[in-house]
1. Using the count of nearby Cβ atoms within 10 Å as a rough guide to exposure, how do E162, E3, E135, E9 rank from fewest to most?
2. Taking R0 as 51 Å, what's the FRET efficiency between A208 and Q133 from their Cβ-Cβ distance, rounded to 0.05?
3. Place a point 7 Å from Cα of D82 in the direction of its Cβ. Which residues in region 176-205 have their backbone N less than 20 Å from it?
4. Pop out the ³J(HN,Hα) list for region 16-31 in order, Karplus 6.51 cos²θ - 1.76 cosθ + 1.60 with θ = phi - 60°, rounded to Hz; leave Gly and Pro as x.
5. Please identify which residues in region 169-194 have an amide N closer than 19 Å to a label point set 7 Å out from the Cα of D222, following the Cα→Cβ vector.
6. Is region 123-176 best put as rounded, prolate or oblate by its Cα gyration tensor, with a ≥ b ≥ c the root eigenvalues, rounded for a/c under 1.5, and otherwise prolate when a/b is larger than b/c, oblate when not?
7. How would Y149, Y159 line up from fewest to most surrounding beta-carbon atoms within 10 angstrom?
8. At 7 Å along Cα-to-Cβ for each site, give me the label-to-label distance between K185 and S170 in nm.
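Derivation of every value follows stated rules applied to the coordinates shown; laboratory data play no part. None of these values were measured; they are calculated from a predicted model. Reconstructed Cβ throughout: ideal geometry from the backbone, glycine too, with neighbour counts over all protein chains shown.
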Amino acid sequence: MNEITPIQEFQRGLAAHEKQFKSVLPAHIPAAKFMRTVVGAVQNNPKILGCDRQSLYLACQKAAQDGLIFDGREAALVQFKDKDGGYQAQYMPMVAGLLKKLRQSGQLSTITAQTVHKNDAFSFNPARDDIPQHEPDWFGDRGEMVGVYAVARMKDGGYVVEIMNMAQISKVKSVSRTSNFGPWKDWPEEMAKKTVLRRLCKLLPSSADVDQMLAHDNEMYDLSEKEEPAPKQETKTRAAEIIEAEYDSFTEVNPPPVEEDDSPI
């Protein structure tokens, strides 16, 4: 009798959750298709099977709730080490997934996120320009990435702009549970675009679906306390330090500027 392989054992467990997936998936994504993308993601990264199995099924459930599939574009399965030394699985929305949810909100005409490189022509004067003026040399040497920006055009014709430099991106990366591996290592430009899109979301009208997805994605960031209390001073978390240093230069164009957000991501 042949032994059951780890992937086969996982597939059986996954099948037992099919009804749960079907109950939360949007109508245009069949449960069978969703589960095929889960299996594909696991086959591409077999180490994920070393994670706590319940955390793996929960990650799949959250992706199903958000209506994103594990195709490497909309969402990815990643792992991180917990405080006890074990491994937990986590669902991570990617750039295409975030753009998909924002477009489905029905409040935007267009939305985009782009990286800026050293040799690109780039300018933006919020007192003069609606959107950044960006002219990459698509077929030349663009040089290293120096920043990223996102632009959304509202249905009323107004624009919302967010720009981040590499220091700001690095500060967000530093509190990610997967800062040294996974998407941050393999696709740094995609993660930079995702980060600026997350920031842009805070300037857009609220959407329950987008808010839910961002709440799920927040679990990928370690905002726990990092330092010992200093004498006669209030203890600060790593997240608080980032907040103080990071939010000194965001730009919003039509509607007018709002007060700074107190979240690092």
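1. On the way: E162 24, E3 6, E135 9, E9 13.
If I rank by nearby Cβ atoms, fewest first, I get E3, E135, E9, E162.
2. Working: r = 35 Å, r/R0 = 0.68.
Calculated transfer efficiency: 0.90.
3. Under cut-off, by backbone N: 176-179.
4. 5, 9, 4, 5, 5, 4, 4, 6, 10, 5, x, 4, 7, 10, x, 4
5. What the label zone holds, given the 19 Å backbone N cut-off, is 169-186.
6. Numbers: a/c = 2.22, a/b = 1.25, b/c = 1.78.
Oblate, because a/c is 1.5 or more while a/b does not exceed b/c.
7. Y159, Y149
8. In this crude label model, K185 to S170 measures out at 1.9 nm.
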